[in-house]
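Remarks on the structure that follows.
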Amino acid sequence: MNNKEEKGTVKYWLFQAHSSLFRLRDALRVGALSTFELRAHKGKVKKGDKAIIWQTGKGAGCYALATIVGNPSEMAVPGPELPFYKKPPSFGLRVPLQIEYNLWNRPITSSMLPELAAFKDFNAGLPGMNYVATEAQYRELENLARQLDLVNEPEAAYEIVSRVEHPFNLILYGPPGTGKTYLTANYALSIIEGRPLDELALENRQELRRRFNEYVQTGRVAFVTFHQSFSYEDFVEGIKPYTLNEEVHYRVENGIFKIMCRDAHRSVMETVYRHYPAGEPTLEFNQVYNAFLDYLKEEEVDSFEGEQKSRIILHRILPFGDLSLRQPKSFAVLPIRKKNLQLMYQRFETAEQIEATGGDLRPIIGDADPSLYWSVFLELKKFEMNYILNQDEENGQNGETPPLKLDEYGMPFELPLVPEHILTQCNKYVLIIDEINRGNIPSIFGELITLLEDDKRDGRSEATTVILPYSKELFSVPPNLFVIGTMNTTDRSTESLDIALRRRFAFRAVPARPDLIPKLASGPQAAGVDLKRMLEAINRRLELLIGEDYQIGHAYFLDVQDLDSLKATFERHIIPLLQEYFFNDYGKIGLVLGREFVREKNPHPGTSAFADFDHPYAGEFSEKRVYELRAMEELEEVAFIRIYDEGYEG
């Protein structure tokens, strides 16, 4: 009887998450919280119990009330929750939750709790994750939520964003002053933290920059600016001199791109190892296959067994582990891809399993000849049996296998095929390239431009590896490195932007946004000048004269507060830009700004325009109008207002 009562009794719990480890508010905001880690009371928490979801640390308070909808079980952190962890916990005991009251935007803090006896022994704020609570505490919080009308949240606020998608290679392009470099920080945080750009735009800029700088310091974000002198040796690797004992020596030094690739590669491998303990086929393949290739070379194997006891001729072993084979009565040489063999190895443990599928390998190898792959696979599995037996003998029958071949950083040369659910849990790395179009792209990227493609990255289906020219190391681009470039559309070097770069990058326009000035600037007006209308008029005229690529961004006007700062902005930024756009044709600048800024330059009276010389077009030249800019100190607010309101009477 007591056991039945115990089984049916609803218990109440306090579940806590520290703000520095898990962004509870953000997870609740997008409806991503569906489980909670269980470290204490493991045998007591059960389906049907109630939980108070509390955040400790910064912004402490009750952010949700929930029902436990399943018994505790060993599980990985669900995908939607992963972006909100600073460091996701490993596979462990968790309980599924159903959020009953989502208080993400108005949490109940300790100061709001009623002064009742129920909260005298409330454990909120104590170190730890799971504590006992009481029904009285839960009901009081529930009543307080209802009284404050915290339950009726708009549906839009709970839109579930399970994953934020970004292209691996992205270029932000637009006119000067539109905030392209400014936005790279938002994009980097969106990629690393898995948060929408719209959500990040609402954050305090100082807090956003603080997190961005932390990622820079930890090596997950790097920033570089391309210029005409930037080279492959600076970006990837190069031979650099150094002195030792007053003698000059040379060594290969890694560039920022290679450093970022190595760090990102290491993160992927750590995640893979965490999910696949030693001995899983995904991690063993390279080890077995490398030994298999050594066997083919040492034993001088020249053929494999084919169908009906025929022989398949091994033509040669290709770079990076691929093979070339041919049928005995044919001179056509066909490639056998290592990646396809790896897929077969991971999917089928024996040849009988392939026969059970009817021998259909098309989902793996496409239109390639299945008999060739069948022959190599059979030979590989035969070799594997002997290989394992030999390893058991060498290791005293304990089943241990020698380590994988590692590179100079202690990582395997090549990633296994990485499943998508594992890739989402890897740390993301972001390389920001400012002014990407100012560098010589073919010279800087060299042969690595191909490796940037999505399917050519390591761990993907068409992964490609190259040998670097100086270090002679195998090199590939990992699947968790994102490249963000910025490009100024008014820079005339964009016209000759490398086509290979265009094909491998996604492009996203960052246009001028005069409508943002009232929202972001110190004020919508300065000395009576409507900054938004003024910029709209300027850009409208620029588009008519030279096209939409040649506009002026809103960022120049965000710090304008008075007439003096407006004049300074025009003198330092706007006028020089217009001079560059129109090649110092002040007449066209006058069409944009008006006669208040540009005046006709009259020749000195009583003097001849030219020297005493006969020229057939001297008369036309003398009638040519010449313009000049007015001195900025002569201008008043009326001049700026008349840019957009020609009839204004000051």
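Within segment 330-352, restricting attention to residues that are open to solvent by less than 50 Å² (accessible area, probe 1.4 Å) and either touching a residue at least 60 places away in the same chain (Cβ under 8 Å) or basic (K, R) (or both), the residue that is nearest to L372 (Cα to Cα) is K338. Here is the figure for segment 28-52: residues that are surrounded by 21 or more Cβ atoms within 10 Å (Cβ to Cβ) and either among the aromatic types (F, W, Y) or in a strand (DSSP E or B) (or both) total 3.
Remark: pairs (first residue in segment 252-264, touching a residue at least 60 places away in the same chain (Cβ under 8 Å); second residue part of a helix (DSSP H, G or I) and crowded, with 18+ Cβ neighbours inside 10 Å; Cβ separation under 6 Å; 6+ apart in sequence or on different chains) = F257/F235. Of all residues in segment 279-298, at least one satisfies being exposed (fewer than 14 other Cβ atoms within 10 Å of the Cβ), more than 21 Å from L474 (Cα to Cα) and either at pLDDT 75 or above or in contact with a strand residue (DSSP E or B) (Cβ under 8 Å, 6 or more places away or on another chain) (or both).
Based on what the data block shows, is V69 open to solvent by 40 Å² or more (accessible area, probe 1.4 Å) and in contact (Cβ under 8 Å) with a residue 24 or more places away in the chain? Spell out the reasoning first.
Details: open to solvent by 40 Å² or more (accessible area, probe 1.4 Å): yes; in contact (Cβ under 8 Å) with a residue 24 or more places away in the chain: yes.
Considered against the rule, which asks whether it is open to solvent by 40 Å² or more (accessible area, probe 1.4 Å) and in contact (Cβ under 8 Å) with a residue 24 or more places away in the chain, V69 comes out as yes.
One line per residue, one yes/no per condition, for (1) modelled with pLDDT under 85; (2) closer than 14 Å to G177 by Cα; (3) part of a loop (DSSP other than H, G, I, E, B); (4) open to solvent by 60 Å² or more (accessible area, probe 1.4 Å):
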| site | (1), (2), (3), (4) |
| --- | --- |
| P479 | no, no, yes, no |
| A500 | yes, no, no, no |
| F507 | no, no, no, yes |
| K519 | yes, no, no, yes |
| R533 | no, no, no, yes |
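When K11, K86 are checked against the criterion of being closer than 22 Å to A133 by Cβ, open to solvent by 10 Å² or more (accessible area, probe 1.4 Å) and not hydrophobic (A, V, I, L, M, F, W, C), K11 stands alone in meeting it.
So which of E453, E462 is surrounded by fewer than 18 Cβ atoms within 10 Å (Cβ to Cβ), under 19 Å from H166 (Cβ atoms) and among the charged types (D, E, K, R)?
Values: E462 fails: under 19 Å from H166 (Cβ atoms).
When all the criteria are applied, what remains is E453.
In the set (1) closer than 20 Å to D564 by Cβ; (2) loosely packed, with under 10 Cβ neighbours inside 10 Å, the condition left unmet by G647 is number (1). Based on what the data block shows, is A332 modelled with pLDDT under 80, outside any helix (DSSP H, G or I) and within 23 Å of R347 (Cα to Cα)? So A332 does not fit the description; no.
Name, by its number, the condition in (1) crowded, with 16+ Cβ neighbours inside 10 Å; (2) of a type outside the set (A, V, I, L, M); (3) on the phi > 0 side of the Ramachandran plot that does not hold for N584. Evaluating N584 over (1) crowded, with 16+ Cβ neighbours inside 10 Å; (2) of a type outside the set (A, V, I, L, M); (3) on the phi > 0 side of the Ramachandran plot leaves (1) as the failure.
When you go through T243, T181 one by one, which is the residue that is buried (at least 16 other Cβ atoms within 10 Å of the Cβ) and outside any loop (DSSP other than H, G, I, E, B)?
Values: T243 fails: buried (at least 16 other Cβ atoms within 10 Å of the Cβ).
Result: T181 is the single residue among T243, T181 that is buried (at least 16 other Cβ atoms within 10 Å of the Cβ) and outside any loop (DSSP other than H, G, I, E, B).
So, R572, is that one within 22 Å of I546 (Cα to Cα) and either open to solvent by 100 Å² or more (accessible area, probe 1.4 Å) or of a type in the set (A, V, I, L, M, F, W, C) (or both) or not? Here the answer is yes, as R572 does meet what is asked. Within the bounds of segment 93-109, is there any residue that is loosely packed, with under 11 Cβ neighbours inside 10 Å and of a type in the set (K, R)? Scanning segment 93-109 turns up no residue that is loosely packed, with under 11 Cβ neighbours inside 10 Å and of a type in the set (K, R).
Screening segment 302-329 for residues that are in contact with a Lys or Arg (Cβ under 8 Å, 6 or more places away or on another chain) and part of a loop (DSSP other than H, G, I, E, B) and picking the one that is most open to solvent (accessible area, probe 1.4 Å) gives P328.
Would you call L563 buried (at least 16 other Cβ atoms within 10 Å of the Cβ), under 23 Å from A631 (Cβ atoms) and not charged (D, E, K, R)? Don't jump to the end; show me each part of the working.
Details: buried (at least 16 other Cβ atoms within 10 Å of the Cβ): yes; under 23 Å from A631 (Cβ atoms): yes; not charged (D, E, K, R): yes.
Yes; evaluated as a whole, the condition is true for this residue.
Out of N427, N437, one residue alone is more than 21 Å from P479 (Cα to Cα) and either modelled with pLDDT of 65 or more or under 16 Å from the mean Cα position of the chain (by Cα) (or both). It is N437.
The values are calculated or read from the model by the stated rules, or taken from the named source; none is laboratory data. What you are looking at is a predicted structure, and each value in this text was computed from that prediction instead of being measured. When we count neighbours, we look across all protein chains shown, and the Cβ atoms used for this are built from the backbone with ideal geometry, even at glycine. Only protein heavy atoms, including side chains, enter the accessible area calculation; ligands, DNA and RNA are left aside. Shrake-Rupley method; radii C 1.70, N 1.55, O 1.52, S 1.80 Å.
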